[in-house]
Amino acid sequence: MKNSRLTLVLLVLCFALWGVVNNMSDNLVPAFQRIFTMDQSKAVLVQVAFYGAYAVLALFTSILVEEFSFRAGILIGLGVYVCGALLYIPACVHQSFDFYFIGIFVVAGGCAILEASSNSCMLALGDPKSAIRRLNFAQAMNPVGSLVGIFLAQRIILANLNPATVEERLVMPPETLKGIVHTELTWICVPYVGLCLVMIAIWIYFWRHPIHTAVEGEANRAPLRTRLAHVGSAMFLTAAPFALTGWLFPNMDKLAWMLCGMIGPFSCIFAIPSYRASFLALIRTPRYVFGVMALFAYVGMQIAVWTWMNAYCQKELSVPPDRAATYYLLAIAIHTANCWAGSYAMKWIAPWKIMATFCVCGVLCSLGTVYLPSDVLFSVGGVPFSANVLSLVGISVFMAILFPTIYGMALGGLDPKCFKLGGPGMIMAILGGAIITPWMAGVISAKSSAFFSLVPMYSFEWDANLRTSSGALRASFFIPAICFVAMFVYALVFRSGKRRT
């Protein structure tokens, strides 16, 4: 395959870009919670919109790349992001969380199409024997983007939040509050709209330069009219359930609304015989099916932990939101280093062995976040550290290499005819971010939970500003431990390369 170095560099840069957007979005939860004076169950709709878009648009992406190419998916993904980011401007003007919900969904839709296309493209770019290691290398740029996203969120979004508490905002004169909210929302727009310039530059390059892969060499040779009809049908069936359910049931739960949006893409898959055959072949492959489940657990855990890290550090160490973001930045920095180290170690150690070891360590760190004390052990640059917060940071450290390793293991040995459907199908598992994050939010904001009986030694005194308690925050971290166990089992069961079906 003949690809210029710049093509490869920009493709890897795409991995960093959705990391930037993902981690800025994580910080929108505490930001919107303060700006719109809402509790966790409402603020977490940011993640429902973001990761729900991945679930809804993954199958559409599979049809898009099958009928055209990975390049077409990358171009459309970049374009959709730009359109979504520009929606943040009217959302700011109208000070509407619902407008932001739509904008976040469109932004995430662009990232979903871009990610589904780029991951599969990277696997197909070279020797299949080194595919997992190659994808790990590219995915190692994702946490680099995450670091940039956290930095932008900390310095531009969180640092410009007015320090007024929820109680103080509720008694402010309406005009005063409106002015504060406008300023805060303007700063939220700045990084998202600014990224449009980068996205447009990459779009122009890929518009002018093709990407060559072995899989692209077997691209669909059906007449253009037929291919456009398939993609158009998929687009219509993706949008129609949203429009219909939104019109008939305007007060429908947002997560249920997202799940209804998956009806259309599945309908399209079953309506076209060739896609139906590929889909049935995939669901008869245990390695693939359980890989989707493992990836669902991983993404849900990752997003949930990173979403609630800020609130946990605020509560346990009594630090403000922008200072709490420092722990997030540290966690991602070490996570990034471990991604590179894990990718390099795969030269000598089987990927499943590294994955299983990291999962065991992840379980221990999750339990440490639940049970270890919050007494300050030391401070660095005025930032205090305790045993439980160190364990919280450790969870991120041992998330490294899990996503690309599961992705590569699940797609390993697939029939080439199923590859383009299988890759985006894996990305659909990112729905875990829209399911597990609200699950943790439910525990965090609850006055009682089955998990509470496991931490009777900690206080459940209600914090009116954070709208949670120390015991509830700690108990919620049993959920990441459960997710690590699920991935550990997958690594062991499908460790042999011979287990393809």
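The values are calculated or read from the model by the stated rules, or taken from the named source; none is laboratory data. Everything quoted here is computed from the prediction, not taken from an experiment. Using ideal geometry, Cβ is built from the backbone for each residue, glycine included, and neighbour counts are taken over all protein chains shown.
Looking across the range 1-57, the residues that are within 24 Å of Ala441 (Cα to Cα), in a helix (DSSP H, G or I) and of a type in the set (D, E, K, R) come down to Asp26, Arg34, Lys42. If the condition is being at pLDDT 90 or above and either over 16 Å from Phe484 (Cα atoms) or in contact with a helix residue (DSSP H, G or I) (Cβ under 6 Å, 6 or more places away or on another chain) (or both), then the range 335-366 contributes Ile354, Met355, Ala356, Cys359, Gly362, Val363, Cys365, Ser366. For the range 286-331, the candidate set comprises residues that are surrounded by fewer than 20 Cβ atoms within 10 Å (Cβ to Cβ) and among the β-branched types (Val, Ile, Thr); within that set, the residue that is farthest from the chain's Cα centre (by Cα) is Val319.
When the range 151-175 is filtered for residues that are over 24 Å from Leu195 (Cα atoms) and charged (D, E, K, R), the ones remaining, listed by number, are Glu167, Glu168, Arg169, Glu175. If you go through the range 373-383 one residue at a time, do you hit one that is in contact (Cβ under 8 Å) with a residue 12 or more places away in the chain, within 24 Å of Phe484 (Cα to Cα) and touching a Ser or Thr at 6+ places or on another chain (Cβ under 8 Å)? Yes, the range 373-383 contains a residue that is in contact (Cβ under 8 Å) with a residue 12 or more places away in the chain, within 24 Å of Phe484 (Cα to Cα) and touching a Ser or Thr at 6+ places or on another chain (Cβ under 8 Å). Considering the range 239-258, the residues that are touching a residue at least 40 places away in the same chain (Cβ under 8 Å) and among the aliphatic types (A, V, I, L, M) include one that is surrounded by the most Cβ atoms within 10 Å (Cβ to Cβ), namely Met258. Restricting the first member to the range 193-217 and to residues that are within 15 Å of Ile76 (Cα to Cα) and among the hydroxyl-bearing types (Ser, Thr, Tyr), and the second to residues that are at pLDDT below 90 and outside any loop (DSSP other than H, G, I, E, B), the beta-carbon pairs closer than 7 Å and six or more apart or on different chains are Tyr205/Leu10.
In the range 69-84, the residues that are more than 7 Å from Gly110 (Cβ to Cβ) form Cβ pairs under 6 Å with partners that are of a type in the set (S, T, N, Q) and modelled with pLDDT under 90, at six or more places apart or across chains, as follows: Phe70/Ser117; Gly73/Thr61; Gly73/Ser117; Ile74/Ser117. Within the range 165-189, residues that are closer than 19 Å to Pro321 by Cβ and in contact (Cβ under 8 Å) with a residue 12 or more places away in the chain reach partners that are outside any helix (DSSP H, G or I) and aliphatic (A, V, I, L, M) with beta carbons closer than 6 Å, at six or more positions or on different chains, in the pairs Glu184/Leu161.
Output yes when any residue across the range 348-366 is on the phi > 0 side of the Ramachandran plot and under 20 Å from the mean Cα position of the chain (by Cα), and no when none is. Can you show your working first?
Here is the first cut: in the range 348-366, the ones on the phi > 0 side of the Ramachandran plot are none.
Looking through the range 348-366, none of the residues is on the phi > 0 side of the Ramachandran plot and under 20 Å from the mean Cα position of the chain (by Cα).
Determine whether Gly471 is in a helix (DSSP H, G or I) and over 24 Å from Met293 (Cα atoms).
Values: in a helix (DSSP H, G or I): yes; over 24 Å from Met293 (Cα atoms): yes.
Taking the combined requirement at face value, the residue satisfies it.
Scanning the range 330-351 for residues that are touching a Leu at 6+ places or on another chain (Cβ under 7 Å) and within 28 Å of Asp463 (Cβ to Cβ) yields a single hit, Ile332. The residues of the range 173-214 that are in contact with a Lys or Arg (Cβ under 9 Å, 6 or more places away or on another chain) and in a loop (DSSP other than H, G, I, E, B), listed by number, are His209, Pro210, Ile211, His212.
State yes or no: is Phe60 in a helix (DSSP H, G or I), at pLDDT 85 or above and under 27 Å from Asp253 (Cα atoms)? So that I can check it myself, show each step before the final result.
Values: in a helix (DSSP H, G or I): yes; at pLDDT 85 or above: no; under 27 Å from Asp253 (Cα atoms): yes.
So Phe60 does not fit the description; no.
The residues of the range 222-267 that are in a loop (DSSP other than H, G, I, E, B) and within 22 Å of the chain's Cα centre (by Cα), listed by number, are Asp253, Gly261, Met262.
Considering only residues of the range 263-281 that are touching an Asp or Glu at 6+ places or on another chain (Cβ under 9 Å) and either crowded, with 19+ Cβ neighbours inside 10 Å or of a type outside the set (A, V, I, L, M, F, W, C) (or both), which is nearest to Ile406 (Cα to Cα)? Per the criteria, the residue is Ser278. Just wondering, is there one or more residues in the range 85-102 that are at pLDDT below 85 and either buried (at least 20 other Cβ atoms within 10 Å of the Cβ) or not in a helix (DSSP H, G or I) (or both)? No; the residues of the range 85-102 include none that is at pLDDT below 85 and either buried (at least 20 other Cβ atoms within 10 Å of the Cβ) or not in a helix (DSSP H, G or I) (or both). Tallying residues that are touching a residue at least 60 places away in the same chain (Cβ under 8 Å) and in contact with a Lys or Arg (Cβ under 9 Å, 6 or more places away or on another chain) within the range 470-484 yields 2.
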